[in-house]
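Here's the structure, in structure tokens; my notes come after.
Bear in mind that the values in this text are calculations on the coordinates, not laboratory data. Keep in mind that this is a model prediction, so the values were computed, not measured. Here the Cβ positions follow ideal geometry from the backbone for every residue, glycine too, while neighbour counts run over all protein chains shown.
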Amino acid sequence: MEILILIIGAAIGWGITHKYAEKSSKENKELIDELSQGIKESNTLKYFEVLLVNSKWQKEHINHREVWIAEDNNTFQIQSGDEGDEFHESWTEMYPDQNTRRYPVYLKIDNSIVKELDFISLDGGRIFVPMPDKTVENNNVKYLWNLNSLEVKVCKVIGHYYIYRNLAGVARMSKAELVE
């Protein structure tokens, strides 16, 4: 009789243990899947845009280059590239120093470039803003910056405006528009 009770107890114990092990495995798998998805989503250009708006950025000099690093996640970085060619369009001609150049700006995640943007250095380097979009209306070229664009979000972190204080001041001087 005691052996029968022992066998029944062992069977019940095994059943309970097996049931909780299955439940625990399923919950762990769901948690791992959820965390994995979060990691995948946090290594995207879309998440980069979130950091541009919500994180503080620290400017550093690494290997003689300006690099801005997100304080919330230091694997997200903005790096200015080498000075490019001279650049002239009508919106750049309003400034006293006509030394105007195009620069690449790299958005990097884990030291891999995920996006390259064109920025323009104006007025002898005192102003640094993204290349505006162009539209043509009635044979007139209009220049504009979309305030919701990735380029403008990057500019809010790394831009230089000299005496014009912000992109709106540069837009007024350059006869460009800001749109949403």
Row for region 59-127, column shape: gyration tensor on C-alpha, a ≥ b ≥ c, rounded if a/c < 1.5 i.e. under 1.5, prolate if a/b over b/c, else oblate; value prolate
Pair K59, D97: separation of 7 Å Cα→Cβ label points (nm)
1.5 nm
As a test, work out the antiparallel percent of DSSP beta bridges whose residues both lie in region 54-179, rounded to the nearest 5.
90 percent
Listed by chain and number, the aspartates and glutamates with an alpha carbon less than 15 angstrom from that of K153, same-chain partners under 8 positions apart left out, are E49, E116, D118, D133, E180
18 Å reach of a label modelled at E49, 7 Å along Cα-to-Cβ, counting backbone N of region 119-162
130-133, 145-158
Multiplying the sequence separation of E27 and E89 by 0.36 nm and subtracting their Cα-Cα distance, what value in nm do you get?
16.4 nm
Which FRET efficiency value, to the nearest 0.05, is calculated for S112 and K175 with the Förster distance at 22 angstrom and r the Cβ-Cβ distance?
0.05
Using all Cα-Cα distances in region 54-179, what percent lands in each 10 angstrom bin from 0 up to the longest?
13, 44, 33, 10, 1
Let me make sure I get this right: for region 93-163, a, b and c are the square roots of the gyration tensor eigenvalues over alpha carbons, sorted descending. Under 1.5 in a/c it's rounded, otherwise prolate if a/b > b/c, else oblate. Which is it?
oblate
